[in-house]
1. Is the range 85-157 rounded, prolate or oblate when judged by the Cα gyration tensor, a ≥ b ≥ c being the square roots of its eigenvalues, rounded requiring a/c under 1.5 and prolate requiring a/b larger than b/c?
2. Picking from H92, H139, H172, which is most flexible by a Gaussian network model of the chain using Cα springs under 10 Å?
3. Using a probe of 1.4 angstrom, how much of the accessible area of the chain is carbon and sulfur, in percent?
4. Along the charge dipole of the range 135-198, Cβ charges K/R +1 and D/E -1, which of G165, T143, A193 sits furthest on the positive end?
5. Q3 to T133: FRET efficiency via 1/(1 + (r/R0)^6), r the Cβ-Cβ distance, R0 41 Å, to the nearest 0.05?
6. Per-residue ellipticity at 222 nm for the chain, helices alone: DSSP H runs ≥ 4 residues times -39500 (n - 2.57), over residue total, nearest 500 deg cm²/dmol?
7. Which entries of K11/K108; K37/K161; K11/K37; K11/K147 have Cα-Cα distances beyond 23 Å here?
8. Quick one: accessible area per residue over the chain, 1.4 Å probe, rounded to a whole number of Å²?
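The values are calculated or read from the model by the stated rules, or taken from the named source; none is laboratory data. Note that the structure is predicted; figures quoted are calculated from it, not measured. Ideal geometry is used to build each Cβ from the backbone, glycine not excepted, and the neighbour counts take in all protein chains shown. Each accessible area value is taken on the protein alone, full model and side chains, heavy atoms only, with ligands, DNA and RNA left out. Shrake-Rupley method; radii C 1.70, N 1.55, O 1.52, S 1.80 Å.
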Amino acid sequence: MSQYPEARFIKSANAPAQFVDDTGAEVAFAGRSNAGKSSAINIIVNRRQFARTSKTPGRTQLVNFFSLRDDDRLVDLPGYGFARVAEKTRSHWGALMADYFEIRQSLKGMFLIVDIRRQLTDFDRQMLGFAETVGLPTHVLLTKTDKLKRGQAATALLEVKRDLGDTATVQHFSALTRQGEDEARARLEEFLALGKRQ
Ligand SMILES: Nc1nc2c(ncn2[C@@H]2O[C@H](COP(=O)(O)OP(=O)(O)OP(=O)(O)O)[C@@H](O)[C@H]2O)c(=O)[nH]1
Ligand SMILES: [Mg+2]
């Protein structure tokens with residue numbers, strides 16, 4: 001059963017005016033296009049095709065708001081880093097993300113989704129930069145762990161840990177085998193609870 005039986009899609013936004021009311025607590029899922037953001041959300045909420053996944057990178061260019069329960073939300077941010085995209089689209093993405101991180105009072109934490117077979121990209125660092133600027137705690141899901149042998153996965157985790165230093169926590173994750181789902185949910189709940197204490 002889903003840990004979030006009341007979870008539901010609220011709306012997609014293409015501009016700050018369309019963002020949902022800035023109350024309660026929300027956690028944003030960011031990451032390179034095709035890294036597995038929507039798949040990770042589906043595992044955490046335990047519902048297939050809750051957030052739409054796709055084999056075509058860059059399809060989700062909107063900020064997608066989901067309610068987890070009451071005033072707790074999860075936000076699927078548009079993916080980045082795909083090559084065949086117009087400069088205009090890319091600058092729209094940058095402005096939208098800068099606005100989002102700056103404006104949202106209810107934003108309590110960021111999940112950065114990184115394909116374990118790649119190192120952190122410049123775009124990942126840009127997202128880490130946004131989060132750091134506004135003092136946002138960040139947790140990295142090194143996803144698609146199932147694609148690597150155990151030893152390789154362990155090495156990759158250490159490398160990313162070293163790279164991140166104190167800026168973020170990091171864990172293995174797989175939407176295929178569900179590795180790391182409990183740890184991810186626990187971290188998500190920690191972030192949402194941060195909102196309640198403030
Ligand atoms: N093997 C494996 N495949 C995965 C995993 N997570 C995602 N995928 C696959 O990777 C592809 C992209 O996944 P999505 O979840 O749609 O990625 P996304 O980050 O939401 O992509 P955009 O919305 O385009 O930014 C899909 O074909 C998924 O089935 C995983 O943990 N293991
Ligand atoms: Mg997606």
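1. Values: a/c = 3.07, a/b = 1.63, b/c = 1.89.
Because a/c hits 1.5 or more and a/b fails to exceed b/c, the range 85-157 counts as oblate.
2. H92
3. Details: 4920 of 10030 Å².
The C+S portion of the solvent-accessible surface of the chain is 49 percent.
4. It is T143.
5. On the way: r = 31 Å, r/R0 = 0.76.
So the FRET efficiency works out to roughly 0.85.
6. Values: 5 runs with 70 residues, N = 198.
Using -39500 (n - 2.57) per qualifying helix, the result is -11500 deg cm²/dmol.
7. On the way: K11/K108 19 Å; K37/K161 20 Å; K11/K37 17 Å; K11/K147 33 Å.
K11/K147, as the Cα separations exceed 23 Å there.
8. Working: 10030 Å² over 198 residues.
Averaged over the residues of the chain, the accessible area is 51 Å².
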